Each structure stands twice: as structure tokens, then as C-alpha cells.
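The structure appears below as C-alpha cells.
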Amino acid sequence: MNNPDILVIGGGIAGLSAAADLSKHASVTVLEAEEQVGFHSSGRSATMLHYFLGDRLVRALTLASRSFVEEPPSGFTDVPLGHSMPVLIHAREDEREALDALEAEIGLFAKLERLDSRGVRALCPLLKDDAVHGIVDHNAIRLDAHALLQGNLRQLRANGGALVTSARTVSISRDSGIWQVRTETGDACSAPIVVNAAGSWADRVARLAGVQPVGLEPRRRTIITFDAPPGTPLDRLPFAKTIPDELYFAPESGRLFASPMDEVPSDPCDAQPDEYEVALAAYRMEERTTVKVTRIHSRWAGLRTFTPDNHPAAGFAGDAEDFFWLAGQGGSGLQTSPAMAAIVESLIVGTDWPVADVSAHDLDPRRFLAEAHSPTK
Ligand SMILES: Cc1cc2nc3c(=O)[nH]c(=O)nc-3n(C[C@H](O)[C@H](O)[C@H](O)COP(=O)(O)OP(=O)(O)OC[C@H]3O[C@@H](n4cnc5c(N)ncnc54)[C@H](O)[C@@H]3O)c2cc1C
């Protein structure tokens, strides 16, 4: 293994996108524990880019990422990073107030169309008659996670960077201002700067280096796929979501997928779907739509990992030199990855700050250190 300027731990979308940007300025190596990139959260998501996720900060990061997805840099990819898919938020009569509030909030980021019951059904004929209100963002994007991951990897390699798979970091120490990293297979390498992009495992990786964890909470989310009723216009269906976080569904490779939007706390692991959430997805699908989920074609689960304030942590640790945090992207790590990578580049290399509505302070991992050290806590 070589000894680069910057060692990135974690080959998910966070680590690969940051590595691709950093490799324009420095030698970069990514260490990934699994045999392939994107094996965990980045390969298990709903792959949407839209503004109904998270809060204002997440929306600002999403907005700042959008142009990258629409027009990737030359040489990044041979295939589109996504295609247009409307996002419909549907509401029953008793959910109308919540829909109005959401419309006002999201209207700052996207042009929304208001739909009455006829409009809702025209866009999504599967919904039951009690879905009488809706707002739709016609410009949302269904991402291609594979293309995003591979594009970043391609850029990393084109700039002379490297990816080492099956390289789980098991020890990290600091010697004469250089981080020394050892993997499960006994390989060792060193670098002045370490970027901790280990997803759900990022607190554990920090502990290996003697760095205080930021308090990450991985939460499991489940997706099932099943057949759509014959004649469903799958190529025109939106990504449809309830006003409360109860259900979303969308077309998926000739079928439908649905999630009960579960958020079950979990240890970092190879997340597996639980029977309860699988059944809940089918139940909620039948509750809100006219679809009968008679046979589940496939199921999977992944972890969405949150910091204590639900905002990502990106920045140097307050209690160790040159140890950089890039974690806690929650449920929006794919759609915010271009902006987050540019932020990492700015904080490590000193390029211009890329997102006007987000500050380094907003993302600074030291906010959790200060909280932990507060005499009142
Ligand atoms: C069901 C579901 C739906 C989602 N929907 C969306 C969506 O629609 N839009 C969106 O933007 N986001 C969505 N997300 C969230 C998104 O998938 C995550 O925010 C994102 O993938 C996090 O990327 P990551 O690189 O931090 O984590 P990961 O992809 O988990 O990558 C971390 C990597 O670090 C590696 N690693 C861990 N420990 C070590 C170690 N010691 N040494 C070396 N490597 C290590 C792991 O093997 C892993 O590959 C969804 C997630 C789920 C689960």
C-alpha cells in the first residue's frame, strides 16, 4: 500500500466523492472494508434527489449539488447520473394544514404545483380516493447510485488516486505528526491527514484513533419491491410520499418499491430487513393505495446515520490534529454528496467555500465536543 497525503476511510458515496475532489490537489487513497464500494448505505438507498428531505440546511446542500448531477464534469461518467421523476406529497383532508406548511417551506427551493383530488389521481392513479390534496415537484431526480459511485472512483483514479478494497481499518495511531493505519489483513500505510468517512462506523473509527465520537445514531430503513397492478403506467408514476413519514413508493425496474419509512436504531452492521417492517410496508401500501401486495419480490434494509442534531459533521476534529470528520449524512447522503465533497475540498485544501447558505460552523464536528464538555450536561 502506498503512503498518500490523505487517507480516506470508507468507500461509500461520502468517502469516494470527497476523495475524487481532494485528488485534484493531493495524493489520496481510499480504504474500504468490503470487497466492493457502496456495499452498505450508498448501495441501498431510494436514490432520490428532492427537497422534502431534512431541513433548510439539507435543502441548501441539495440545491448546491443539483447542477453537478445535471451536468457532471467532463470525463466523470458516460451515463446520466439520474433522470427526472416527479415527487408527489399527497394528503388526506385532515392533513391539509401540514401540506400547506410544507408547501410554504419547500416553495423556497423548488417550483411546486398544487393538485386537487383529480390532479392527484391523474398523476398517481394508484392512490385511494381519500388522497384529496397534493403538491408536486416536477423537477426531482431519480439518481443512479452506481453511476455516482463509479464516476467518483473514475475521477479519483484519473487523478492518480487509489482505492483499496477488503481493507478494514483496525488500528490508527499518530507518530511524529503522521497517522499510521493498519488494516485487518495486516497491511499498513501512513498519511498526514485521515478523513473518517466510515458511515455508520465513523464513531468506531474515531475511537480507534483516540478521537472522541460525535454521537452518531444509525437507523435502519426497509424497502420492499412487488408487482404493480397490470396496466399501471410505471414510466409516468411519481415518487409518492405521505405527509407524515409513514410511506413512500415509486416505480423500480418494472415493479414498485415501498418503504414504511422506519427509523429503527441499530448498531453499525450489514443491515437486514426485519419481518415487522416488511409487513408494515405492505400494510401501509394497501392502506393508502388500491394495490394488493400479494407477493413481495425482494426486500432490503440499510442504515441512515444521524448526528445528534441531524446535520452532517464535516471538519477537523477538535481533539486530534489532522483527523477530519465526514459523517452523519442521514437520509440525504447521495443527493448532497457533490456539495459535501466540495466543502471537504475547501476545508482541507483551501479552495473557495462552495455553498453560500451553509457555513463551516454549521457542519463543524466540534459542536458535539463542546456539548459533551459543557458543565451543565
Ligand atoms: C433505505 C434508504 C433510503 C435512502 N434514500 C436516500 C435518498 O433517496 N437520497 C439520498 O440522498 N440518500 C438516501 N439515503 C441515505 C444515503 O444512502 C446515505 O446518506 C449515504 O449512502 C451515506 O454514505 P456514506 O458513504 O456515509 O456511508 P456508506 O455507504 O455506508 O459507506 C461507508 C463505508 O465505510 C466502510 N467502512 C466502515 N468501517 C470501515 C473501516 N474500519 N475501514 C474501512 N472501511 C470502513 C463501509 O464498509 C462502507 O462501505 C437512503 C438510505 C437508506 C438506507
message: without any contact (Cβ under 8 Å) to a residue 24 or more places away in the chain and not in a loop (DSSP other than H, G, I, E, B): is that true of ALA104 in this structure?
response: yes
- prompt: Can you tell me which residues in the range 1-28 are of a type outside the set (Lys, Arg) and either free of Cβ contacts under 8 Å to residues at least 12 places away in the same chain or surrounded by fewer than 24 Cβ atoms within 10 Å (Cβ to Cβ) (or both)?
  reply: MET1, ASN2, ASN3, PRO4, ASP5, HIS25, ALA26, SER27
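Quick one: how many residues across the range 215-270 are among the hydrophobic types (A, V, I, L, M, F, W, C) and open to solvent by less than 10 Å² (accessible area, probe 1.4 Å)? Walk me through it before giving the result.
Of all residues in the range 215-270, those among the hydrophobic types (A, V, I, L, M, F, W, C) come to 216, 223-224, 226, 228, 234, 237, 239-240, 243, 247, 249-250, 256-258, 261, 264, 269.
Applying the additional criterion that residues be open to solvent by less than 10 Å² (accessible area, probe 1.4 Å) yields 223-224, 226, 237, 239-240, 247, 249-250, 256-258.
Going through the range 215-270 one residue at a time, the tally reaches 12.
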- prompt: Consider PRO80 against the criteria (1) outside any strand (DSSP E or B); (2) within 16 Å of the ligand (Cβ to nearest atom): it satisfies all of them except one. Which criterion is unmet?
  reply: (2)
- request: Working only within the range 193-214, note down all residues that are part of a helix (DSSP H, G or I), at negative phi and among the small types (Gly, Ala, Ser).
  value: SER200, ALA202, ALA206
field: the range 286-312, subset within 11 Å of the ligand (Cβ to nearest atom) and among the small types (Gly, Ala, Ser), residue nearest to LEU127 (Cα to Cα)
entry: ALA301
query: Among the residues of the range 175-201 satisfying the criterion of being touching a Gly at 6+ places or on another chain (Cβ under 8 Å) and of a type outside the set (Gly, Ala, Ser), which is nearest to ALA327 (Cα to Cα)?
result: ASN196
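The values are calculated or read from the model by the stated rules, or taken from the named source; none is laboratory data. Just so it is clear, the model here is predicted, and its values are computed rather than measured. Note: ideal-geometry Cβ built from the backbone for every residue, glycine included; neighbour counts use all protein chains shown. Each accessible area value is taken on the protein alone, full model and side chains, heavy atoms only, with ligands, DNA and RNA left out. Shrake-Rupley method; radii C 1.70, N 1.55, O 1.52, S 1.80 Å.
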